Structures are given as structure tokens and as C-alpha cells.
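Peer 1: Structure provided below as C-alpha cells; questions to follow.
The values are calculated or read from the model by the stated rules, or taken from the named source; none is laboratory data. The structure presented is a predicted model; accordingly, all values stated were derived computationally and were not measured. When we count neighbours, we look across all protein chains shown, and the Cβ atoms used for this are built from the backbone with ideal geometry, even at glycine. The protein model used for the area step is the full one, side chains on, heavy atoms only, and it has no ligands, DNA or RNA in it. Shrake-Rupley method; radii C 1.70, N 1.55, O 1.52, S 1.80 Å.
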Amino acid sequence: MINRLKSKLSRDANLKELLKGSAITFVLKMIGMTLGYIVVYMISKKNGADGVGYYSLINQLLLLLGVVATLGMNVSVLRYVGQYNNPEKASQMRNLYSRILAMIIPTSIILGLAVFLSANHIAYYLFKNIDYAKAIEVTGIALPFFALNRVGVEFIRGLKKLEISEFIRSVFRPIFVIICLITFWSREIPDIYIIYFFVLGVIINSFLSNGAIWAFLLKLPSPKKRELSNGELLKVSSPMMITAISSTLMGAVSLFLIEYFTTTDQVGVYGVSFRVSQLIAIVLIVVNTIAAPKFSELFWAKKMDELQQVIRQSAKMMFWAALFLSIVVIVGSKWILGIFGNDFIDGQWTLIVLVIGQLVNAATGSVGLFLNMSGNQKILRNTALISLLLQCIIAVTLIPNMGIIGAAISSSVAGALWNLMCILYVYKKLNLKTFYLPLLN
């Protein structure tokens with residue numbers, strides 16, 4: 001069997017790259033997720049479910065603002081770096097990076113300043129809790145650094161320097177927060193200190209990611225002719241931004257509405273349940289990390305047979321790994337949540353619903369990523385908006401009566417609809433199968 005695998009890998013360079021890149025990314029992603037769970041565990045022990053809810057909500061708010069501040073360029077940069085990552089066009093990456101910085105730096109500063117100045121209004125009208133005002137101010141200060149880091153790690157990922165991008169994305173920041181929490185462990189600290197630690201990690205990450213890019217770009221010659229204009233970059237990026245905003249809102253709307261209709265400790269319980277369900281999503285994240293530049297490379301080179309093979313291989317890997325992890329998490333759901341404290345066991349059925357939703361996402365493969373990498377970002381944008389609207393309707397209907405279980409149902413149903421619409425479009429218009437189901441495949 002081992003000899004057969006070696007023989008297959010020697011004949012299929014794309015599969016070899018997919019497996020090698022996925023293995024590296026998987027290890028770093030697992031380390032990062034483990035550290036993330038340790039952060040949440042320490043917060044739960046130090047500040048309880050309220051502390052976890054406070055941290056989760058501000059984390060989600062910064063993520064949402066970061067999507068707007070980057071103008072979708074953290075996604076489009078993957079496509080363009082994939083196109084330019086060859087000896088003939090490598091110099092164009094300097095043009096790409098300079099144009100991105102020229103647009104997102106002023107945008108993120110203006111947006112961050114607006115958030116800082118309106119912190120009290122956001123806390124009162126959006127969360128119905130003025131205690132969030134100080135944390136929202138800090139979020140506004142951190143936003144430019146967060147936006148630069150989001151673009152930076154994706155640029156490095158597009159260069160296929162997966163060890164560097166994944167370490168900066170997933171590993172460094174939780175390590176920094178853990179060190180800060182340990183340093184202050186013997187003292188009683190307010191929730192806002194946790195946000196301070198988180199933001200400092202974001203700022204350091206920003207310098208690390210963009211420093212790595214400059215070190216690479218300075219070795220390249222200046223382009224003789226600049227192929228990419230600001231207008232073209234925005235034309236490609238803007239649908240991706242709307243898609244990313246919709247996708248992020250699909251994760252954030254549940255937390256926001258739970259805070260609005262219930263209490264902060266319920267936000268904490270849902271936040272932990274959601275994080276645990278991400279154990280299944282790690283399969284998608286890991287495979288997508290290496291698959292994104294490969295999709296772009298093969299599609300724009302018009303190597304459609306190779307592309308279908310890579311899509312099938314990645315979807316198959318996702319499905320079986322996600323199925324195994326889903327069974328483990330569902331069977332051990334009560335015990336896993338109990339690790340964080342008895343208050344979190346109430347999220348057992350919430351976790352199970354979220355896990356089922358993640359398994360459906362895994363079965364549909366990398367369809368959303370493929371649409372972005374193949375120039376079909378407008379289709380992904382439209383389907384995302386439809387799904388977000390559905391989720392909001394379901395969430396507003398269910399959360400007041402069912403609490404966090406209603407939030408989980410709205411999230412899972414909307415996610416499943418989004419992926420279903422996307423796979424039908426890709427199959428009908430491009431004649432490619434992005435999904436994997438054993439009985440159908």
C-alpha cells in the first residue's frame with residue numbers, strides 16, 4: 001500500500017503538493033487552535049462565561065471591521081499572487097502590494113477613527129451594554145494593524161510559504177495572549193485587559209507579516225510595466241469584500257443577537273460551542289490554505305482536467321476527515337464543554353447542531369474558494385447575500401424563544417443553503433464537481 005501511494009505521488013505532482021502543504025498547515029493550524037482553546041479555557045477560569053462572552057464578541061467585531069477595512073483584498077491577493085508567482089511576472093507582485101497598501105491604509109485608519117469616536121453609541125445601540133464601549137475604542141485603534149495583517153498573511157500564503165503564513169495567522173497571537181494571562185494570573189483583572197492583550201498580539205503580528213513580505217519583495221526587480229490598475233483591483237476585490245462581509249456576518253450575527261436578546265454569559269456559552277465546532281472546520285481551512293493558490297494556478301492556465309482532479313482530491317480529504325472529527329465531537333460533546341466549566345455544558349445541543357452544519361460544509365468541498373479563485377466572485381457574493389438574509393430571518397425568529405440553539409440552527413441552515421447554491425452553479429456552468437459524497441461520487 002505504501003509503495004502504491006509513493007507511485008501515485010510520483011506521478012501526480014499536484015496531489016503531492018496538496019498533501020505536503022496540508023500536512024504542514026494541519027500541524028500549525030492544530031497548534032494554533034489548541035492554543036486558542038487554551039486562551040478561552042484560561043479566560044473561562046479567570047473571568048467566567050461573562051469574560052468569554054466579552055472576548056468573543058469583541059473578537060468578532062474586529063473580524064467584521066477588518067473585512068470592511070481590507071476591501072476584499074485579503075482574498076483577491078491570493079488570486080493575483082497565484083497568477084504572478086512565476087519568473088516572467090514575479091515583478092508585478094511589487095506593484096500589487098504597493099497598490100493594496102495605498103488603498104487599505106487610509107481606509108482602515110478612517111474606519112478605525114469612526115469606530116473609536118462612536119464607541120459609546122455602538123455599545124448602547126448594537127449590544128445594549130455600555131460596558132463594551134472601552135473595548136470598542138481599543139478595537140478602532142487596532143483596526144489598521146489588523147487589516148494590514150489580514151492582507152499580509154494571505155500574500156505570504158499565495159507565495160506558498162505556508163509555514164510562515166500559518167505561524168503568523170494561527171500560532172503567534174494566542175501564544176502572546178497566554179503569556180500575558182500567565183503574567184497577570186495571580187491578580188484579578190477586568191475583562192478589558194484581555195482585549196488589551198489580544199490587540200497587542202494583533203499589532204505585533206502585523207509587523208511580522210508585512211516585514212516578511214518586504215523581505216521577499218525587495219529581492220525582486222521593479223516592474224517595467226504595471227499590469228494591474230487600482231480600478232481593476234477594486235473591480236475584482238469589491239465583490240469579494242461583500243462576500244466576506246456576508247460570510248463574517250453569518251458568524252457574527254448570532255453573537256450580536258444573543259447579546260441583544262439574552263445575556264453576555266450566553267454569548268460565552270455559544271462562543272465556546274462555536275469554537276469547538278471549528279474542530280471540524282479545521283479540515284476545510286487546512287486543505288483550502290494550500291488549495292487556493294493551486295486552484296488559481298490551474299484555472300488560469302486552463303488545465304481543467306488537472307483542476308477537477310485537485311478539486312476532487314481536496315473534497316475527498318475534507319469529507320472523511322470531517323466525518324471522523326464530527327463523530328468524535330458529537331459523542332464527547334458534554335465532556336468537551338465541561339472542560340471549560342459547568343456553565344458551558346448547557347451548550348451541548350448547540351454544539352451538535354453546529355457540528356452537523358460544519359459536516360455539510362465539508363461535504364460541499366472548496367466551492368466558495370474556487371469561485372473566488374476562478375473569477376466568479378460575483379456569484380459567490382450574490383449567494384452569500386441570499387444566505388445572510390435567510391439567516392437573519394431565522395435568527396430573529398428563533399433566538400428570542402430558543403436562545404443559543406436557535407442561533408445554531410440559523411447558522412447551520414444558512415451555511416448549507418449557501419454551499420448548495422454554489423455547487424449547483426459550478427456544476428451547471430463550469431461542469432466541475434466540487435462536492436464529495438461517497439454514494440454519489
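Peer 1: Compute the relative contact order of the chain as a whole-number percentage, counting only Cα pairs closer than 8 Å that sit 6 or more residues apart in sequence.
Peer 2: Relative contact order of the chain: 22 percent.
Peer 1: What is the stretch 297-441 by shape, rounded, prolate or oblate, if you read a ≥ b ≥ c off the alpha carbon gyration tensor as root eigenvalues and call it rounded for a/c under 1.5, prolate for a/b larger than b/c, and oblate otherwise?
Peer 2: Oblate shape, in that a/c is at least 1.5 and b/c is the bigger or equal ratio.
Peer 1: Separate question: What does the charge count around Asn47 come to, taking other residues whose C-beta lies under 10 Å from its C-beta (Lys +1, Arg +1, Asp -1, Glu -1)?
Peer 2: Overall, the nearby charge balance is -1.
Peer 1: Could you work out how much longer the chain between Leu218 and Ile393 gets when fully extended? Use 0.36 nm per residue separation minus the Cα distance between them, nm to one decimal.
Peer 2: Here the segment from Leu218 to Ile393 would lengthen by 58.0 nm.
Peer 1: Moving on to the next point. Measuring with a 1.4 Å probe in the full set of protein chains, what accessible area per residue, in whole Å², belongs to the chain?
Peer 2: Each residue of the chain exposes 43 Å² on average to a 1.4 Å probe.
Peer 1: Filter Lys29/Lys429; Lys302/Lys433; Lys29/Lys378; Lys29/Lys235; Lys29/Lys219; Lys89/Lys302 down to the pairs with a C-alpha to C-alpha distance above 26 Å, please.
Peer 2: Listed pairs above 26 Å: Lys29/Lys429; Lys29/Lys378; Lys29/Lys235; Lys29/Lys219.
Peer 1: Follow-up. Tell me, what HN-Hα J-couplings in whole Hz come from the Karplus equation 6.51 cos²θ - 1.76 cosθ + 1.60 at θ = phi - 60° for each residue of the stretch 345-352, using x for Gly and Pro?
Peer 2: 5, 4, x, 4, 6, 4, 4, 4
Peer 1: Something else about it: When the Karplus curve 6.51 cos²θ - 1.76 cosθ + 1.60 is applied with θ = phi - 60°, which whole-Hz ³J(HN,Hα) does each residue of the stretch 41-47 get, with x for Gly and Pro?
Peer 2: After applying 6.51 cos²θ - 1.76 cosθ + 1.60, I find 4, 5, 5, 5, 6, 7, 10 Hz.
Peer 1: While we're looking at this one, here's another question. Calculate one ³J(HN,Hα) per residue across the stretch 374-389 by plugging θ = phi - 60° into the Karplus curve 6.51 cos²θ - 1.76 cosθ + 1.60, and present them in order as whole Hz with x for glycine and proline.
Peer 2: 9, x, 9, 5, 5, 5, 5, 4, 5, 5, 5, 5, 4, 5, 5, 4
Peer 1: Could you check the simple spin-label distance between Asn86 and Thr34, using points 7 Å along Cα→Cβ, in nm with one decimal?
Peer 2: 4.0
Peer 1: Answer rounded, prolate or oblate for the stretch 301-362, using the Cα gyration tensor with square roots of eigenvalues a ≥ b ≥ c: rounded when a/c is under 1.5, else prolate when a/b is larger than b/c, else oblate.
Peer 2: Because a/c hits 1.5 or more and a/b exceeds b/c, the stretch 301-362 counts as prolate.
Peer 1: Heavy atoms only, probe 1.4 Å: what % of the accessible area of the chain goes to carbon and sulfur, would you let me know?
Peer 2: Exposed carbon and sulfur together represent 65 percent of the surface.
Peer 1: So between Tyr260 and Tyr125, what do we pick up on full extension, going 0.36 nm a residue minus the alpha carbon distance?
Peer 2: This chain segment gains 47.7 nm when fully extended.
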